[in-house]
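Student: The following block contains the structure, expressed as structure tokens.
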Amino acid sequence: MSSSPKTTSQYLLQLPVLVAALGYLVDMYDLFLFSVVRVPSLKALGVVGDQLLPEGVFLLNMQLAGLLIGGVLWGVLGDKKGRLSVLFGSILLYSLANLANGMVTNLSQYAVLRFIAGIGLAGELGAGITLVAEILPQKLRGYGSILVATMGVLGGVLAYFVADLFEWRISYYVGGGLGLLLLVLRVNVFESGLFVQLKDKKVSRGNIGMLFTKSRFSKYMLAILVGVPLWFVVGILITFSPEFGLSRGLPDPVIAGKAVMLAFSGQAIGDIVSGVLSQRLQSRKKAIGIFIILSFTLMVVYLLAPITTNTQFYILCACLGFCNGYWTLFIILAAELFGTNLRATVATSVPNFVRGATIPLGAIFVALKPSLGVTNGALVIGATVVVIALIALYFLDETFTKDMNYEE
């Protein structure tokens, strides 16, 4: 007697999907936590006054360097050894790094551990999205991205409240503990069936050199460019929200942690809306394009609209976050563009190169600030990355109905 087909809920609540989603929650908790506890942790380590900003930027760049290296490392391992090995290996590494971050006694230790944490954080999302894309049927992949993205953004919000309630060292211990608890769920989690089938075939897996053929490299670079506006919003507009608030002449200083928390809360709603929109339109490209255009509209409002209160400014931060809600949909698109033997490499490295774009974007912003000012400098950069992203999206293939069972 044949069993009845699975319902949508049964597909989405499979243990591998839940582990991928919860892993991203812990991932985003750590990424966001450093932004929140940066100042109190540096002060506790003896950094004062005008050294807080450069030392904070240095630690952030160490973390971003770890993300870039880890993005390639974990991606290759994901295609060579399997999606689950990367998922659990990355969770273990950044959980242990989190615990160690709570024990640092000097800046050198802090820098090394942020680098190690960055390497660990680089692997979870790409491996999780790859696993979800390969386990779920085509019609449900967008909903899978909604679940993963929403849990991740909730991790950022959780970090804000934990850091508000507890001392910064305790906040790191909480993050490490959550990650180690998550590893308990690895019992009975099964590997992607497509990867298991691939292991029996004589085909090159995780060979990053294969990305440098003309057709694959162009797809790879276009996918990265589509995501750059996301981290322009996070890395420039939201991270430097106190400076933008000051330039607007707001009555009170803008609190960066609150701005980031509201942006992430808005992104949680945006992730749901973009995923549903993609399913309704039966198109990744159309949904992403709509959100990129919405994002640019909100950038202009954020930078130029006449606002007079901090409340109005914080509302705009939440709206910007909402328009950033195509983050995991964009990673699903990247994963769907490539065959099973390169899928983890692409899905893991692409988002981390997008995150790493914060470094040159920040440098350009600082270079333009003296001549154009904070507002106009940001507007020029924002308009440029949005135009480039829309052009890149236009030249990418639609992947909504694409069968995942193929190799490069």
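Student: Against the definition (surrounded by fewer than 21 Cβ atoms within 10 Å (Cβ to Cβ) and assigned to a helix (DSSP H, G or I)), how does residue 76 come out, yes or no? Working first, answer last.
Tutor: Numbers: surrounded by fewer than 21 Cβ atoms within 10 Å (Cβ to Cβ): yes; assigned to a helix (DSSP H, G or I): yes.
It is true that residue 76 is surrounded by fewer than 21 Cβ atoms within 10 Å (Cβ to Cβ) and assigned to a helix (DSSP H, G or I).
To keep it simple, each residue is scored yes or no on (1) under 20 Å from residue 351 (Cα atoms); (2) aromatic (Phe, Trp, Tyr); (3) surrounded by fewer than 24 Cβ atoms within 10 Å (Cβ to Cβ); (4) at pLDDT 95 or above.
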| site | (1), (2), (3), (4) |
| --- | --- |
| 218 | yes, no, yes, no |
| 247 | no, no, yes, no |
| 275 | yes, no, no, no |
| 307 | no, no, yes, no |
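Student: Right, here's the next one. Does at least one position in segment 186-200 carry a residue that is within 17 Å of the chain's Cα centre (by Cα) and among the β-branched types (Val, Ile, Thr)?
Tutor: no
Student: For residue 266, indicate whether it is in a helix (DSSP H, G or I) and surrounded by 21 or more Cβ atoms within 10 Å (Cβ to Cβ).
Tutor: Considered against the rule, which asks whether it is in a helix (DSSP H, G or I) and surrounded by 21 or more Cβ atoms within 10 Å (Cβ to Cβ), residue 266 comes out as yes.
Student: So which of 299, 261 ends up being more than 15 Å from residue 326 (Cα to Cα), part of a helix (DSSP H, G or I), at pLDDT below 85 and of a type outside the set (Asp, Glu)?
Tutor: Numbers: 299 fails: at pLDDT below 85.
Among 299, 261, only 261 is more than 15 Å from residue 326 (Cα to Cα), part of a helix (DSSP H, G or I), at pLDDT below 85 and of a type outside the set (Asp, Glu).
Student: At pLDDT 85 or above and over 19 Å from the mean Cα position of the chain (by Cα): does that describe residue 72?
Tutor: In short, no.
Student: Has segment 189-201 got any residue that is touching a helix residue (DSSP H, G or I) at 6+ places or on another chain (Cβ under 7 Å), on the phi < 0 side of the Ramachandran plot, surrounded by fewer than 20 Cβ atoms within 10 Å (Cβ to Cβ) and modelled with pLDDT of 80 or more?
Tutor: No, because not a single residue in segment 189-201 is touching a helix residue (DSSP H, G or I) at 6+ places or on another chain (Cβ under 7 Å), on the phi < 0 side of the Ramachandran plot, surrounded by fewer than 20 Cβ atoms within 10 Å (Cβ to Cβ) and modelled with pLDDT of 80 or more.
Student: Can you name the residue in segment 365-378 that is within 24 Å of the chain's Cα centre (by Cα) and crowded, with 18+ Cβ neighbours inside 10 Å and is also modelled with the highest pLDDT among such residues?
Tutor: Checking each candidate, the answer is 378.
Student: Something else about it: Taking the options 49, 82, 89, name whichever one is out of contact with any strand residue (DSSP E or B) (no Cβ under 8 Å at 6 or more places or on another chain), modelled with pLDDT of 85 or more and not aliphatic (A, V, I, L, M).
Tutor: 89
Student: Just give me the residues in segment 233-283 being aromatic (Phe, Trp, Tyr) and within 15 Å of the chain's Cα centre (by Cα), in sequence order.
Tutor: Restricting attention to segment 233-283, the residues satisfying the condition of being aromatic (Phe, Trp, Tyr) are 240, 244, 264.
Within segment 233-283, just 264 meets the criteria.
Student: Looking at segment 117-146 only, could you name the residues that are of a type in the set (A, V, I, L, M, F, W, C), in a helix (DSSP H, G or I) and over 20 Å from residue 96 (Cβ atoms)?
Tutor: Hits for segment 117-146 are 129, 131, 132, 133, 135, 140, 146.
Student: Which condition number does residue 303 fail, the rest of (1) more than 19 Å from residue 31 (Cβ to Cβ); (2) within 14 Å of the chain's Cα centre (by Cα) being met?
Tutor: (2)
Student: Quick check on my filter: what residues within segment 327-343 are modelled with pLDDT under 90, assigned to a loop (DSSP other than H, G, I, E, B) and not β-branched (Val, Ile, Thr)?
Tutor: 339, 341, 342, listed by residue number.
Student: A follow-up question, please. Filter segment 79-88 down to the residues that are buried (at least 19 other Cβ atoms within 10 Å of the Cβ) and in a helix (DSSP H, G or I) and list them by number. Spell out how you get there, then give the answer.
Tutor: Taking segment 79-88 first, the residues buried (at least 19 other Cβ atoms within 10 Å of the Cβ) are 79, 82-84, 86-88.
Those that are buried (at least 19 other Cβ atoms within 10 Å of the Cβ) and in a helix (DSSP H, G or I): 79, 83, 84, 86, 87, 88.
Student: Next question. Output the number of residues of segment 309-326 satisfying the condition of being surrounded by fewer than 24 Cβ atoms within 10 Å (Cβ to Cβ), among the small types (Gly, Ala, Ser) and not in a helix (DSSP H, G or I).
Tutor: So the count comes out to 0.
The values are calculated or read from the model by the stated rules, or taken from the named source; none is laboratory data. Everything numeric here is computed off the predicted structure, so don't read it as measured data. Ideal geometry is used to build each Cβ from the backbone, glycine not excepted, and the neighbour counts take in all protein chains shown.
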